[in-house]
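A short write-up of the structure that comes next.
The values are calculated or read from the model by the stated rules, or taken from the named source; none is laboratory data. Nothing here was measured: the structure is a model prediction, and the numbers come from that model. Counting neighbours? That spans all protein chains shown, and the Cβs are built from the backbone with ideal geometry, glycine included. What goes into the accessible areas is simple: the full protein's heavy atoms, side chains included, and nothing from ligands, DNA or RNA. Shrake-Rupley method; radii C 1.70, N 1.55, O 1.52, S 1.80 Å.
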Amino acid sequence: MAGIYIHLPFCSSFCLYCDFYSEIDGRARRRRYLNALKFEISEKVDFFEGVLPDTIYMGGGTPSLLDTEEISELSDTLRNRFNITSLREFTLEANPDDITPKKLEGWLRAGIDRLSIGVQSFCDDHLVWMRRRHPSAQAINAFKMAREAGFNNISLDLIFGFEGLSSEQWEYNIEQLTALYPEHVSCYQMSVESGSELASLVDSGSYHEPSQEICATQYSVLQHMLEKAGYRQYEISNFALPGRESIHNSSYWERMPYLGLGASAHSFDGEGCRCWNIADINSYVEAIEGNYYDKIRSEEILSDDDKFNEQIMLGLRKVTGLSLSSLESSRLAKIKPALDYLTSTGDILYEKGIIRIPAGRLFVSDGIMQQLFL
Ligand code: SF4
């Protein structure tokens, strides 16, 4: 497994809670950015060293904002530069307000076979508050259009854990989602990220985060309702119909190599080197145009302890857990007392050489994992 990620950091407006690197769209800037991306693609042809990338993911920002010709241009550049004959999944993140029959047709022609649609809620007042650019009816319609166009692998995103989301509304959201029956569901708890508009609301006292008890109950309701509807949870925030797990995202949790292209994109060599591009469109484009591309890249070589912690952190995100035989034995010996303790409290299940966090404790998984870090 190996993946290519392309970051398209343009949005037509900003959502209340968002802290992803993105900027307001502008056609001229977009053109320069796409040219820079094409240059970076050609610079990175040797990144995989014999491994064939099998997934492509276009994320953002709002990749669906781009014209289909621009998406095709990027797709063609990737095909011309990399050997992607083993491609198994090509995902595009899309916002409901961008989805039209014409765009859907263009995306299919560009080879995209999976859509990840940011629905977030089926309650219009929440969508307005979140500054989303679509009402719920538009999301439902967009999903149906995508189905009619021929997309048979669609993921929908929902958000829970924010002030004002009642338990009835949360159940309603999940019912609406399961009625559409997407192949995949991603669900995130709303968090207050510094720099977001939501953080300012917190600072001014006009937003109060719900208690962790309320959020945990909503998470548990989600798990149960999705299971009843036929979905299997395979990661803390991800659920899929059998066999429809995201191949691209799974490669992150399996510590497989991935190449990130574009401003703020991160790459990993599958061993111990992580690198990332500067999170600024202008600096990224100017560096490539000015031929000093290497100056806008940062790199971190992971120590053996870092690698060990990362294996724990990524492995325990997966519902299937982590094989102890994949961990380096002297470091494993160091965390043995913590592991024994967590097993005795039921926070970790140990079976046939595999450790995993049980479904009922996944909501507090961060705290559990931290106890195992070196
Ligand atoms: S949540 Fe998505 S659409 Fe909204 S501002 Fe962030 S990147 Fe843009």
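What the table below lists for this structure:
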{"quantity": "Total residues in the range 177-187, condition small (Gly, Ala, Ser) and surrounded by fewer than 18 Cβ atoms within 10 Å (Cβ to Cβ)", "calculated": "1"}
{"quantity": "Tally, over the range 18-49, of residues that are without any contact (Cβ under 8 Å) to a residue 24 or more places away in the chain and either of a type in the set (Val, Ile, Thr) or under 28 Å from SER191 (Cα atoms) (or both)", "calculated": "1"}
{"quantity": "Criterion: in contact (Cβ under 8 Å) with a residue 40 or more places away in the chain and at positive phi - qualifying residue of ARG131, ARG81", "calculated": "ARG131"}
{"quantity": "Any helices (runs of 4 or more DSSP H) falling wholly within the range 275-374 and containing at least 1 residues that are touching a Lys or Arg at 6+ places or on another chain (Cβ under 8 Å) and open to solvent by less than 70 Å² (accessible area, probe 1.4 Å)", "calculated": "281-289, 304-315, 365-370"}
{"quantity": "Yes/no for SER191 being closer than 15 Å to CYS15 by Cβ and part of a helix (DSSP H, G or I)", "calculated": "no"}
{"quantity": "Residue match in the range 253-270 (condition: assigned to a helix (DSSP H, G or I) and either of a type outside the set (Asp, Glu) or open to solvent by 40 Å² or more (accessible area, probe 1.4 Å) (or both))", "calculated": "yes"}
{"quantity": "Subset tally (residues that are assigned to a strand (DSSP E or B) and either among the small types (Gly, Ala, Ser) or within 16 Å of the ligand (Cβ to nearest atom) (or both)) for the range 43-67", "calculated": "4"}
{"quantity": "Subset tally (residues that are open to solvent by 20 Å² or more (accessible area, probe 1.4 Å) and small (Gly, Ala, Ser)) for the range 226-244", "calculated": "3"}
{"quantity": "Boolean, HIS208 is assigned by TED's automatic domain parsing to the domain that holds GLY161 and touching a helix residue (DSSP H, G or I) at 6+ places or on another chain (Cβ under 9 Å)", "calculated": "yes"}
{"quantity": "Meets criteria (within 16 Å of the ligand (Cβ to nearest atom) and crowded, with 19+ Cβ neighbours inside 10 Å) for ILE174", "calculated": "no"}
{"quantity": "Options CYS15, CYS11: the member that is within 16 Å of the ligand (Cβ to nearest atom), under 30 Å from GLU197 (Cα atoms), touching a residue at least 60 places away in the same chain (Cβ under 8 Å) and open to solvent by less than 30 Å² (accessible area, probe 1.4 Å)", "calculated": "CYS15"}
{"quantity": "Condition met for ASP54 (buried (at least 19 other Cβ atoms within 10 Å of the Cβ) and charged (D, E, K, R))", "calculated": "yes"}
{"quantity": "Pair list, Cβ < 9 Å and 6+ apart or interchain, from the range 206-222 residues that are free of Cβ contacts under 8 Å to residues at least 24 places away in the same chain to residues that are buried (at least 18 other Cβ atoms within 10 Å of the Cβ)", "calculated": "GLN212/GLY161; GLN212/PHE363"}
{"quantity": "Per-region count, the range 18-40, residues at pLDDT below 90 and either within 23 Å of the chain's Cα centre (by Cα) or buried (at least 18 other Cβ atoms within 10 Å of the Cβ) (or both)", "calculated": "7"}
{"quantity": "Verdict on ALA139 being touching a Pro at 6+ places or on another chain (Cβ under 7 Å), touching a residue at least 40 places away in the same chain (Cβ under 8 Å) and within 16 Å of the ligand (Cβ to nearest atom)", "calculated": "yes"}
